[in-house]
Amino acid sequence: MWNCGVQMVALNYQTGDRPMQLNQGKFMQNGGCGYVLKPDFLTSNLEDRNSFDIYNKETLPKSVEPLALIINIIAARHLMKNGRGIVSPFVEIEIVGLEYDSVKLKTSTIRDNGFNPVWKECFTFEVFCPDLALLRFVVYNEDMFGDPNFIGQATYPLNMLLSCENLIYMWSFQGNEEAYAQTQELKNQARYLNRAIEEDMANGDALNVERHRLALRSVEQQLALKIKEKF
């Protein structure tokens, strides 16, 4: 709905479902301050804005460069589930964006190994409008009937990713694990803002330096409160 230009969306904050997960991932941008600006091509050029159709990739401006995204799922560790038994995990990788960018792929299932499953599987995506796309990872446990059971997820704006090996912490929305994941998420935001400040200083952009410093101060305050919690 955000990609359609909706300014305000009602969400059920009592349930950590997929819409809430996507919402939290979307608003990690801009330092997690609560709002996200539209991409430049939707604000800087009136002709591009008027001709853009979210259902037709041919209407994307030439200034929007497609992204060839390669994701390597290497391994996981310490995967838990509710109740007894051993986890048989697999990972679902999803691009959530415009209709022609949205796609979902998954790894093979590692039988009876939630401690340190290893996949080393590679996936390739072509994303035509990266600025409006999210990258979502979901870990499931495949039960004895072949049905998937949710373990944890992580959702990130595609334009915040770095080309490197990343350790991703899963959000489980289950008591202590949620508090732990939220702490790691705040640490990720702090790292992103520190990098943004360094880039702004290198570019001589004093206005953005101050804006990112304010956002970083807010994140650090939230992080300090989370660290005090017992989880």
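The values are calculated or read from the model by the stated rules, or taken from the named source; none is laboratory data. Owing to the predicted nature of the structure, the values given are computational and were not obtained by experimental measurement. Neighbour counts run over all protein chains shown; Cβ positions are idealised from the backbone, glycine included.
Here is how the numbers come out for the structure above:
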{"read-out": "Long-range neighbours under 8 Å by Cβ, at least six apart or interchain, first residue over 20 Å from P157 (Cβ atoms) within the stretch 36-59, second among the β-branched types (V, I, T)", "value": "R49/T43; S51/T59; D53/T59"}
{"read-out": "Condition met for L11 (surrounded by 12 or more Cβ atoms within 10 Å (Cβ to Cβ), in contact with a Lys or Arg (Cβ under 8 Å, 6 or more places away or on another chain) and either acidic (D, E) or at pLDDT 75 or above (or both))", "value": "no"}
{"read-out": "Any chance D101 is of a type in the set (D, E), more than 30 Å from L193 (Cβ to Cβ), in the same structural domain as M160 (by TED's automatic domain parsing) and in a loop (DSSP other than H, G, I, E, B)", "value": "no"}
{"read-out": "Qualifying residue in the stretch 27-38 (condition: exposed (fewer than 12 other Cβ atoms within 10 Å of the Cβ), under 30 Å from C122 (Cα atoms) and of a type in the set (A, V, I, L, M, F, W, C))", "value": "no"}
{"read-out": "Search result, residues across the stretch 92-134 that are more than 16 Å from I151 (Cβ to Cβ) and among the acidic types (D, E)", "value": "E99, D101, E121, E126, D131"}
{"read-out": "Residue list for the stretch 105-124, restricted to those being farther than 19 Å from Q153 by Cα and surrounded by 15 or more Cβ atoms within 10 Å (Cβ to Cβ)", "value": "none"}
{"read-out": "Any pair with Cβ under 8 angstrom, 6 or more apart, that starts in the stretch 14-34 at a residue that is more than 13 Å from V219 (Cα to Cα) and ends at one that is assigned to a helix (DSSP H, G or I)", "value": "G16/E178; K26/W2"}
